[in-house]
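Since the structure comes first, as structure tokens, the remarks are kept for the end.
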Amino acid sequence: MPDNSIDRTVSRRTVLKAAAATGLALSTHGLVELLAQPTMRLAMAAPATLPDIQFDIRAFVPPAQTVDGVVVRFGPVFTRFVTLKLARTPDLADQQRLVAALAAIEGRYPFNPGGVFVFMAYGIPYFKRLPGGMRGGLVRGYIPRLRSARNRLALEEAVAGPTDVARANPGIKKAAYHVPVAIEANDVLLTVRSDVLGHTSDVVDWLLGRSNRLNGAFVASPDFNGLLAVTSNRLMFQQMGLPRRVADEQHLPFAARVSDRSPMWMGFADQQASGSGPPEITTFQGNPSAALTSCGSADYMRNGAIQHLSHVILDLDAFYAVPEEPFTERVQYTFRSNPIPVLGSADQYSGGGGPAFLDNVFQGVNDARANAAGIKTFEGEHRMGHLAALQRSSRAADGTPIHIRMDGPGYDSMDVPDGRAQPKLQFTVFVPTADFFAKMRRNQASLDLVRKYGVADEDNGLERFITATRRQNFLVPPRRHRAFPLLEIAYGLHGQSLAGHQTVS
């Protein structure tokens, strides 16, 4: 990592001014890279063996730290989500090629924030390519089932949320971004994380056969013979104050109201250590706090999980509206009203109007009901808090979260009706089952409580400020099976060639 922050700041200003002077527009990815600050992390010893839970990077990033009295853990600054479709059903040679490619990446880059973290996940369209598809014996024999309903698999397709713009929700209207949600149909999700944006693009370009260079050295790109086609390439960034710097540079109308300390667009940090469970609880086999599937300790998919990916446009003009949305309103929408976490500053608007780092406190599964009913709430109002609503179902009986959220800001034009770059929430979460996430998303909206207790639309948490335009669920296999899972079993059961085979169930 560069250690000369003064030189980098000068370079950033020079590039931005030069682009403005020549009329050239930086890509939003380039803009974010220039505005990010150098990341200095404490050196730490890491295990020699990489985790079988692909996304378990606890031992490879610095430990949690305290910011403004809140314990937080920051992941890599940049995360790139690349969705892919397959031109054909992969064969055993493709599987071995992917095994070797992933090993090559981890041989050239250290498994830490200064290097890269790479995760592989697979959507239902991939599993439909296997013999029998989603209803066949192969898939149903190896993907775990819900303990609560043994006829259902842990992997099910994403569904529209109750406040998404969708045919199933005719009464839902979004003021600024009325964009219908699409349930995507990608075969593969590639997630690449690093403190260095260039590392993420280097890995993607090399893996897709574009460069023959990996971390500055000649390494022949894998030849997948046209197998992989990119359908989207989404960038998430996460660093204290970076959303505000982007807002200032882009002259966004609400820029002065964004916290200059928060890593998130909406002003409140989402990286509290208490807000995510240990990786084990999010896997198919679970841990002593919660186990939601039939997966056993010796199963093929042990240490696997479900990864939900969605793309969300944020209506920050409305979220930061003056005088309608002071800090006291925004903090209640995000957390709860019983009690209001903090009243904020005398100036309720400038710089966020209050602290960015607040504890993610669990007040029980009935907390949202009390808020909706106006029981001991701030100013006696009937309001929903985003986190209180999620906590109706997001935690185990002992209070441990059964999920790991890995969300953060984005800034691009994808799915924006007028084609302009807008603030985004790039959202992904690791959970034990698709059903678990679907229930958590229904509770995020809590329309049952909203209707029962007469909560006004403008007081229903964050729902009116967010528009999800894309959703999909993926299965994250364990590391040992991360390259085209079940393919080797399919070949063993069904002969030596699956070329051209595709079963749609």
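Under the rule of -39500 (n - 2.57) per DSSP H run of 4 or more residues, summed and divided by the residues of the chain, what mean residue ellipticity at 222 nm is obtained, to the nearest 500 deg cm²/dmol? Rounded to the nearest 500, it is -7000 deg cm²/dmol.
Under the 0.36 nm per residue contour assumption, what length would be gained going from the current alpha-carbon distance of residue 52 and residue 343 to full extension? Please report the intermediate quantities before stating the final value.
Values: separation 291, 0.36 × 291 = 104.76 nm, distance 4.40 nm.
Extra length available between residue 52 and residue 343 comes to 100.4 nm.
In segment 393-442, with Lys and Arg counted as +1 and Asp and Glu as -1 at Cβ, which of these residues, 428, 401, 414, has the Cα nearest the positive end of the dipole, that is, farthest along it? The listed residue farthest towards the positive side: 401.
Spin-label pair residue 452-residue 317: with each label point 7 Å from Cα along the Cα-Cβ axis, the two points sit 3.7 nm from one another.
Using Cα-Cα distances under 8 Å and only pairs 6 or more residues apart, what relative contact order does segment 66-225 have, in percent?
Values: 204 pairs, mean separation 55.1, N = 160.
Here the relative contact order equals 34 percent.
For the pair residue 287 and residue 416, label points projected 7 Å from Cα toward Cβ lie 3.9 nm apart. Counting 0.36 nm for each residue step from residue 135 to residue 273 and taking away their Cα separation leaves a gain of 45.8 nm.
Could you work out how much longer the chain between residue 376 and residue 157 gets when fully extended? Use 0.36 nm per residue separation minus the Cα distance between them, nm to one decimal. If you can, show how the numbers build up before the last one.
On the way: separation 219, 0.36 × 219 = 78.84 nm, distance 3.92 nm.
That works out to 74.9 nm of additional length.
Arranged from fewest to most other beta-carbon atoms within 10 Å of their beta carbon, 81, 218, 357 become 218, 357, 81.
Most exposed first by the Cβ proxy, i.e. fewest other Cβ within 10 Å, how do 405, 383 rank? Intermediate results must be reported in sequence, preceding the final value.
On the way: 405 19, 383 26.
Final ranking by Cβ density, sparse to dense: 405, 383.
In a reduced charge model with +1 at each Lys and Arg Cβ and -1 at each Asp and Glu Cβ, the chain shows a dipole moment near 1080 debye about its Cα centre.
Taking every alpha-carbon pair under 8 Å whose residues sit at least 6 apart, segment 117-162 reaches a relative contact order of 23 percent. Among the trypsin sites (Lys or Arg not before Pro) found in segment 412-469, those both in a DSSP coil and sparsely packed, with 13 or fewer other Cβ atoms within 10 Å of their Cβ, are 420. Of all lysines in the structure, the ones whose alpha carbon falls short of 29 Å from that of residue 85, not counting any fewer than 8 places away in one chain, are 128, 424, 439.
Which FRET efficiency value, to the nearest 0.05, is calculated for residue 44 and residue 229 with the Förster distance at 51 angstrom and r the Cβ-Cβ distance?
For R0 = 51 Å, the calculated efficiency reads 0.85.
Charge dipole of segment 79-164 (Cα centre as origin; +1 on each Lys and Arg Cβ, -1 on each Asp and Glu Cβ, all else neutral): 320 debye, rounded to the nearest 20.
Between the amide H of residue 219 and those of 213, 214, distances stay under 5 Å, these residues lying 5 or more places away or on another chain, with hydrogens modeled in the peptide plane.
List the relative contact order of segment 374-479 as a percent without decimals, with contacts defined as Cα pairs under 8 Å and 6+ residues apart.
Values: 107 pairs, mean separation 33.0, N = 106.
Here the relative contact order equals 31 percent.
Approximating the spin labels as points 7 Å out from Cα along Cα→Cβ, the residue 488-to-residue 217 distance works out to 2.6 nm.
Please identify the chymotrypsin sites (Phe, Trp or Tyr not before Pro) of segment 129-214 that satisfy two criteria: DSSP loop assignment and at most 11 other Cβ atoms within 10 Å. Which are they? Those that pass, being in a loop and sparsely packed, number zero.
Bear in mind these aren't lab numbers, they're just calculated from the coordinates by the rules spelled out. All of these numbers come straight from a predicted model, not from anything done at the bench. Positions of Cβ are generated from backbone atoms using ideal geometry, with glycine treated the same way; all protein chains shown enter the neighbour counts.
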